[in-house]
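In what follows, a structure is listed as structure tokens, so that the remarks can point back to it.
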């Protein structure tokens, strides 16, 4: 039963079989082990990956969904190793749990790209990563400049809405921002709340922050765009959204970028999908026998603001 | 004949030891919150500010609504774990209809149809739960655990793993958000539903049957009670309220989020047990659940106002749940 469902699920992700005689046969099997399809950022990754490989009919792409379960993702990678794919791309759920099985893939001679998150051993051919600390620092820098413009000096009050505690993204988006903000003694984080990345929770926590601080909030810094949007809605309900500016992170086209265009967020910072680089490097690994990729590629973020 | 608890026959539904105890707890928590509340610049008590109190009420509405029907299910000695997933499904379907369907009908009708679809999906899901529990005689925990998993999958499927944004504009999606997230509407819906469910439980034959069934299922069956219909109705109502709650949550967040409502079923169960309803069925009621919701709402609000760390908040809530249930047990012994 479960096996049948799995077949069904993976079947949905496969490209339609090639039709017509002109289409070259599929020569390469590329497996993407995604840690959790049920996150918008990761859904965008999957879609972009399918889009990029769709112009390469010689590649058969299969995406496995680890469903936020490390054991499941490990089992899926083990199954993939048996199929001897030409390329394995892994977006690991946890840095410890996935290290060993990725080492097994390498040992089986499968080129393995580690996407976005780190693992404890360098068990990958190349690691394409983002830097949350740098993103936090960019946000911190933007907030400092904004407060200087607004208040004539680097001073003012920030409410921080944090992602899930203990998660790398939340830790480094916080630490990065703080690395800049602590240089200015008159910039204060007057309220920080944890909203676990969720928009509805951010609305409730922001409502409490607004009530606790009836005046004097200059900036709301949320660790992702949905929480920034939730904070905006909470302020709007009280007619206070014009008092402060909302800063988000992620910049997905239909979320953060759209909120910025609509004037809801003052700015957001892109958390790169990393898949464009993965496809570029992956295709070279498939087709250029002598190609040696760099051990890591760091994807830079960019600020998304209205012109 | 099944024994109907003596409290049920009391002409004064509030004049019971259990109700007094939970009422006193609500007051104690309320006073405690007022005492520890931060002050505004003018020296006013922020917790007691009317705007804050109504904010706290609105924040708890989505869970407090599902807790009402959860009380019915738990009174029959059952459980409904699927309500969080139903909230996601109903919100996603409403949002899909608003965002991706552009019919040549008036905005009002478009919004109404979207809401109706979300609510009906909830009702159907609940009905299905009830059917599986009664006809296949599978334990409610297992049935609703399965539908929790399956309906979450369905919600993610319908939404294609994305959040469906409705925006804050003047199209159907934006107006839906503006109209249905207002404080009077959200809090009013909860208060009205609380009254209706209170009256159903305390004043109707169906309400008496619910209690009797949870008190002693075999005796109820032998006494000729329509056991199947009672159970199906309880689960259908639970699905219906989850559907309504999902629509309200989608309106408030102007988003259909397939990951919405995660662990909300547990928050709702916590409200029910804090209110003194026994998980073994038969005992408890809507008044307790409303009080349970108020206790959780007040505690959450004041901890947020004081900017208490989220981990400490979880620990404090756990303490409250255990203390409330402990109080309930001493009552049973006495």
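A short reminder: the numbers here are calculations on the coordinates, not readings from a lab. Here the structure is a predicted model, which means the values were calculated and not measured. No Cβ is skipped: glycine too gets one built from the backbone with ideal geometry, and neighbour counts run over all protein chains shown.
Placing a label point 7 Å from the Cα of residue B:141 along the Cα-to-Cβ direction, the residues of segment B:258-297 with a backbone N closer than 12 Å are B:280. Roughly what angle does helix A:132-151 make with the longest principal axis of chain A, taking Cα atoms, 0 to 90 degrees, to the nearest 10? The two axes meet at around 20 degrees. Per-residue mean of foreign Cβ neighbours for B:301-311 is 5 (Cβ atoms of other chains, 10 Å radius).
Diffusion of segment A:164-221 by Stokes-Einstein, at 37 °C in a medium of 0.692 mPa s and with Rh set to the Kirkwood radius over alpha-carbon pairs, works out to 259 µm²/s. Rounded, prolate or oblate: which fits segment A:132-270 when a ≥ b ≥ c are the square roots of the eigenvalues of the alpha-carbon gyration tensor, with rounded for a/c under 1.5 and prolate only if a/b beats b/c? It is rounded, given that a/c, with a ≥ b ≥ c, falls under 1.5.
With angles folded into 0 to 90 degrees, how steeply does helix A:275-287 sit against the dominant principal axis of chain A? Use alpha carbons for both and round to 10. That works out to roughly 20 degrees.
In the protein assembly as shown, helices alone account for a calculated mean residue ellipticity at 222 nm of -19500 deg cm²/dmol, with every DSSP H run of four or more residues adding -39,500 (n - 2.57). The simple Förster model, with R0 at 22 Å and r as the Cβ-Cβ distance, assigns residue A:215 and residue A:178 a FRET efficiency of 0.35. Ordering B:38-50, B:240-252, B:138-150 by mean Cβ neighbour count within 10 Å, with the highest value first, yields B:240-252, B:138-150, B:38-50.
Report, for the protein assembly as shown, the % of DSSP beta bridges that are antiparallel, rounded to 5.
On the way: 6 of 46 bridges.
Restricted to the protein assembly as shown, the bridges split so that about 15 percent are antiparallel.
For chain B, what relative contact order do you get, as a whole percent, if you take Cα pairs closer than 8 Å and at least 6 residues apart?
34 percent
Does the protein assembly as shown come out rounded, prolate or oblate, given a ≥ b ≥ c as the square roots of the eigenvalues of its C-alpha gyration tensor, rounded meaning a/c under 1.5 and, failing that, prolate meaning a/b above b/c?
Details: a/c = 2.02, a/b = 1.35, b/c = 1.50.
Oblate shape, in that a/c is at least 1.5 and b/c is the bigger or equal ratio.
Averaging Cα coordinates gives a centre for segment A:92-158 and one for segment A:244-265; these two points are 20 Å apart. What is the angle, in °, between the Cα long axis of helix A:40-54 and the longest principal axis of the Cα atoms in chain A? Nearest 10 is fine, range 0 to 90. Once rounded, one gets 40 degrees. Rg and Dmax over the alpha-carbon atoms of chain B stand at 20.3, 66 Å.
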